[in-house]
Amino acid sequence: VAAMHPVFGTLGLLTALHGAGDCVCQYIEIHFFKAKARKKLLKRQRTNKDAVIPYDSKYAVPKKYDLQRTVNYSLAGIPIHIIAYYWYVNWLPDLVPGHSWWDVMLEDTLDNTVTPAWSIALMFGAMGILEKKDWSGFKAKMKQDYTKTLLTSAGIGFPVQIIQFAFISPQVQPVYVGAISFLCSILFSYLINKKVKNKKLKDKAGTPNSGMALCRS
């Protein structure tokens, strides 16, 4: 299927990697939450031995796996994967057709400035629609996490892609890109799914609204 329909094959593979990355990310978050919860519970018991803390308090109940989050994260990546396919296969090679060190650096710079700028904003927007958040919620998320996610993407992308373009043979590149994409999907699942923490931003985020709210705005 991938050979006959490369767009759909690539799309299916990257969507699966996105979903698997979110599963791993949630697993890490759940176990980190458990350790943090136990630490807070023990601290409370040490400071106030007479305090009665029920088992179902927020300090004792671990966060549970959220299937809907995995579905949303996988679906939100689909438009990005489609655009990225044509960017890497057609548009970027046309912009930088050479293979010299200068071309590698130029290709890397273009890829790590242009691609993250639109893809992160699109991902936040798609997640907002799927989670039925309104326009103020999207703006609050962008204000809190866009710059941090953008810098993280560039910080990872520059060295990773210099290695890919300069040192990895074409035969090995699919394995290399797949492994890096999977690891990045874990990290970006955490960054993209972070809740708005700042109280002022949280107030602006409002309550969930129609899924078309972002489109109408």
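What to note about this one:
- Computed from phi, the 3J(HN,Hα) profile of segment 167-176 under the Karplus parametrisation 6.51, -1.76, 1.60 (θ = phi - 60°) reads 10, 8, 5, x, 5, 9, 4, x, 5, 4 Hz, with x in place of Gly and Pro.
- Cross-link check: pairs Lys143/Lys195; Lys34/Lys197; Lys40/Lys139; Lys64/Lys194 evaluated at a Cα-Cα cut-off of 24 Å; pairs beyond the cut-off: Lys40/Lys139.
- The portion of the accessible surface of segment 81-131 made up by carbon and sulfur, rounded to a whole percent, is 73 (1.4 Å probe; DNA, RNA and ligands excluded).
- Local net charge near Leu75, Cβ-Cβ under 13 Å (Lys/Arg +1, Asp/Glu -1): -1
- Compactness index (Cα Rg / 2.2 N^0.38 Å), segment 121-166: 1.49
- Virtual spin-label span in nm between Val7 and Ala154, 7 Å along Cα→Cβ: 3.1
- Computed from the Kirkwood radius of its Cα pairs, the Stokes-Einstein diffusion coefficient for segment 65-157 at 37 °C and 0.692 mPa s stands at 223 µm²/s.
- At R0 = 22 Å, FRET efficiency that the Cβ-Cβ distance of Thr147 and Thr109 yields, to 0.05: 0.75
- Förster radius 25 Å - calculated FRET efficiency between Val177 and Leu95, Cβ distance, rounded to 0.05: 0.85
The values are calculated or read from the model by the stated rules, or taken from the named source; none is laboratory data. Fair warning: this is a prediction, and the values are worked out from it, not measured in the lab. Virtual Cβ from ideal backbone geometry, glycine too; neighbours counted across all protein chains shown. For accessibility, only protein heavy atoms count, side chains too; no ligands or nucleic acids. Shrake-Rupley method; radii C 1.70, N 1.55, O 1.52, S 1.80 Å.
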